[in-house]
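Read-outs: derived from the displayed coordinates by stated rules, not from any lab. What you are looking at is a predicted structure, and each value in this text was computed from that prediction instead of being measured. Cβ sites come from the backbone with ideal geometry, for glycine too, and all protein chains shown count toward neighbours.
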Amino acid sequence: MIYQRSSQLFAEAEQVIPGGVNSPVRAFKGVGGTPLFAKSAQGAYLYDEDDNRLIDYINSWGPMILGHAFQPVVDAVIEKAKKGTSFGMPTELETQIARLAISMVPNIDKIRFVNSGTEACMSAIRLARGYTKRDKIIKFAGCYHGHSDSFLIAAGSGLSTFGVPNSPGVTQGTAKDTLLAHYNDIDNVKALFEANANEIAAIIIEPVAGNMGCVPPAAGFLQALREICDANNALLIFDEVMTGFRLAKGGAQELYGVTADIVCFGKVIGGGLPVGAFAARNEIMNHLAPLGPVYQAGTLSGNPLAMAAGLAMLETLNNDTAVYQRLEEKTAYLQQGIDRVLRENNIVFTINRVGSMISVHFDAHPVVDFQTAKNGDNDTFKKFFHGLLQEGVYIAPSAYETWFITDALTYDDLDFTINAVAKVAQTL
Ligand code: PMP
């Protein structure tokens, strides 16, 4: 596979864009080499600027659950664009997508649309703080909730309770209100509530983590968080930016039967356009401006092109009663195939999967939290990534990302991928 034009375009981009990219993980820093530049995409395939065809397992990091250039979404955007691209006035379309989203997701009465997952999570914690009149939040190490200050906090050590900023520019003042816990460790969460009685506004969690590879919640973990929040008058925020409309119509709330107080969305809900959203019951959402005092706004929020794309996407997912079953079956097939060929080649690995989120970790032990995710052999991952790329299979350029399976994949694509993994496994 030749990357000549991508290399040239990357060199040009580096002159005018920091690191040549508008979002860091695109730069291949974790795996080395030159990022590919996309030219077009259709269904399960990406085409780069050197006209290589790749089977896509990133799918724009989640949104393209029905494949690239999905016709109903493309048509909806084109039709809307002809009538104006932004008004800064309410449109009927916003009510239509709001109504549909509320009907698909359990336990929400109102939803507000924003422009990214970051904005959704940032707004959700402001709302939680405004509603509870408390300052502190609990987040889990290895969970990502976007790049707003409160979330750019990593554990200084396993024992650290107060967050340490892990980006310059995040102040200590902000970091001190973010308490860190270990994913799947309920005792850790209990201890934080004991040490910070009546100070914790909310727990925010990826109900299935997807930013340390895919890490499922342990049995009963989400329910236990629900109970701790209830006992302490704190809110439970599910960041369903990845899981929303992906794991089920109603996301992780539906899949695990656990109710969150605020739910954040992104990715699938925008059909590939810049959309995020957060939602809750009336008593919480009515605290938002203009009804209540918690301020949140956006010039382009509810943008007609973005809402048209999102509505076309959600309508399709809502009407296709078999889509989540197909995604489950395709991803299970992929998992079994990869499991088989890696085993045949005596590779040490663990595969984690929930529905259409799946990740391969090069470590023999269960991956249950950030610490165990970090035990994976990164050198093997790099070889795996570049080997698959050579075979025309594009997975995320980082060991800490989940693969997002699209319904556009055929079983031939999956067999092709499993064969590619078999070939690459011989080189690991
Ligand atoms: N939450 C989760 C769980 C995410 O995976 C992401 C992005 N990958 C975000 C929030 C932030 O979303 P965005 O990149 O749209 O700001």
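Odds and ends about this structure:
- Packing-based exposure ordering (other Cβ within 10 Å, fewest first) of THR331, THR402, THR85, THR174: THR85, THR174, THR331, THR402
- Of the residues LEU291, GLY220, LEU317, the one whose Cα sits farthest towards the positive end of the charge dipole of the stretch 71-319 is LEU291 (charges of +1 on Lys and Arg Cβ, -1 on Asp and Glu Cβ, taken about the Cα centre).
- The Cα center of the stretch 268-343 and the Cα center of the stretch 160-224 differ in position by 23 Å.
- Shape of the stretch 291-348, Cα gyration tensor, a/c cut at 1.5: prolate
- Rh by Kirkwood over Cα pairs, then Stokes-Einstein D for the stretch 287-426 at 1.002 mPa s and 20 °C, µm²/s: 122 µm²/s
- Residues ILE78, ILE200 in ascending order of nearby Cβ atoms (within 10 Å, fewest first): ILE78, ILE200.
- Options LEU334, ASN115, VAL77, ranked by Cα towards positive dipole end of the chain, top entry (Cβ charges): ASN115
- What the Kirkwood sum gives for the stretch 1-157 is a hydrodynamic radius of 19.6 Å, with every pair of different alpha carbons counted.
- Over all pairs of different C-alpha atoms, the chain has a mean inverse distance whose reciprocal, the Kirkwood radius, equals 22.2 Å.
- Across all directions, the average flat footprint of the convex hull enclosing the Cα atoms of the stretch 28-107 is 8.6 nm².
- Take every pair of alpha-carbon atoms less than 8 Å apart whose residues are at least six positions apart; their mean separation over the length of the stretch 253-312 yields a relative contact order of 35 percent.
- Residue of GLY88, GLY130, GLY272 that the Gaussian network model of the chain assigns the largest fluctuation, springs spanning Cα pairs under 10 Å: GLY88
- Taking all Cα pairs closer than 8 Å and separated by 6 or more residues, the relative contact order of the stretch 53-178 comes to 14 percent.
- Charged side chains reduced to their Cβ positions (Lys and Arg at +1, Asp and Glu at -1) give the stretch 15-153 a dipole of some 720 debye around its Cα centre.
- The stretch 339-428: relative contact order as a whole-number percent, Cα under 8 Å and 6+ apart: 31 percent
- Cross-link pairs exceeding 19 Å between alpha carbons, from the set LYS110/LYS249; LYS139/LYS190; LYS382/LYS423; LYS267/LYS382; LYS133/LYS267; LYS39/LYS80: LYS267/LYS382; LYS133/LYS267; LYS39/LYS80.
- Both radii come from the Cα set of the stretch 122-281: Rg as radius of gyration, Rh as Kirkwood radius; their ratio Rg/Rh reads 0.93.
- Order of CYS143, CYS121 under a 10 Å beta carbon neighbour criterion, fewest first: CYS143, CYS121
- Computed [θ] at 222 nm, helices only, for the chain once each DSSP H run of length n ≥ 4 contributes -39500 (n - 2.57): -11500 deg cm²/dmol
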